[in-house]
1. Can you give the extra length, in nm with one decimal, that the chain gains between D155 and L58 once fully stretched, where that is 0.36 nm per residue apart less the Cα-Cα distance?
2. If we sort 96-104, 165-173 on the protection proxy, mean other Cβ atoms within 10 Å, highest first, what's the order?
3. Suppose all protein chains stay in the model; what accessible area per residue would a 1.4 Å probe give for region 129-251, in Å²?
4. In nanometres, what is the gap between the two model label sites at S77 and D104, each 7 Å from Cα along Cα-to-Cβ?
5. Can you put E95, E128, E136 in order of accessible area, largest first, using a 1.4 Å probe?
6. Return the subset of K208/K248; K118/K212; K157/K208; K118/K208 for which the Cα-Cα distance in this structure is over 32 Å, preserving the input order.
7. Could you state the per residue volume, in Å³, of the convex hull enclosing the Cα atoms of region 73-146?
8. Among the lysines, which have Cα under 26 Å from the Cα of K92 when same-chain residues fewer than 8 positions away are ignored?
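The values are calculated or read from the model by the stated rules, or taken from the named source; none is laboratory data. A quick note: this is a predicted structure, and the numbers were derived from the prediction, not measured. Note: ideal-geometry Cβ built from the backbone for every residue, glycine included; neighbour counts use all protein chains shown. For the accessible areas, the whole protein counts, side chains as well, though only heavy atoms, and no ligand, DNA or RNA atoms are used. Shrake-Rupley method; radii C 1.70, N 1.55, O 1.52, S 1.80 Å.
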Amino acid sequence: MIQTILYFALFNLAIQMSCVWCTPVTEIVSISARAGEVTVIDNGSNIPPGQKRNQGSLSNGWSWQNTGLLTHGCSGSRIHISDCYGMQLSSKTNENLEHDLPPDAISRQRIEIASGQKGVAGETHSFEWKYYLSPETGTANGFFHLMQLLNENPDGKVQNGPVITLDARNNKVYIDDFYNQGCSGSSCPSISLSSFVGRPHYTESRGKQLLKYEVHGIMGTGGPVKFGTYRAAVAGMTASYAAVGDFKQLS
Ligand SMILES: *[C@@H]1O[C@H](CO)[C@@H](O)[C@H](O)[C@H]1NC(C)=O
């Protein structure tokens, strides 16, 4: 019994980054240990005037942003994440939307958790987390970030915003390197959506590598790494459910 867990290996903020997404190294067959209780952290309502979304902090210093349904504890028997956060977004293009966007901006829905540590030039930081995307989650032809490495200080060509992302779009899960420093377009690592989302079985005892990406270059400074579900609200999207957690900063 297994699902695809996105297993993050190594992140080097600001100067280089290297990550590997795998199925779990040790498959846990028993599902009884999964955290049972599901409590709502935020349901996306009552976004204060002038704010794009609701936001808050977790006890470990990481932070969350939400326009959908964010829970502590996850629902789904296949999810083997002990300290689990559930992220649910509506399929409706007029629900769970960010507020207060510029008039020409595409509508978007967002649930993300961000590292407390931000990028510092010359320093290396490593993070680890687990990520599960439910098999009912489909893609559309609009951006859909499952992970982002962000820059908060423009540095030459690298503007504020995403630098490297892991995206789900048009039935693929792939790396988007915004400044083409390590790959560009279809040369970037990708796998089919179906091999990324929840799987019925997986029996090997060693984790199977799904995606690997390594890049060195100028990526700005000051940005966190984020993970979750952040997407354009476009026709053809499905409801989305992700479970993330067990995150650690290793260095
Ligand atoms: C959403 O949460 C608010 C509290 O923040 C609560 O008042 C409201 O009833 C909730 N809505 C739903 C649909 O659960």
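1. The D155-L58 span can extend by a further 31.9 nm.
2. 165-173, 96-104
3. In whole numbers, region 129-251 has 41 Å² accessible per residue.
4. So the two model labels end up 5.2 nm from each other.
5. If we order E95, E128, E136 from most to least accessible, we get E136, E95, E128.
6. K157/K208
7. 167
8. K52, K172, K226
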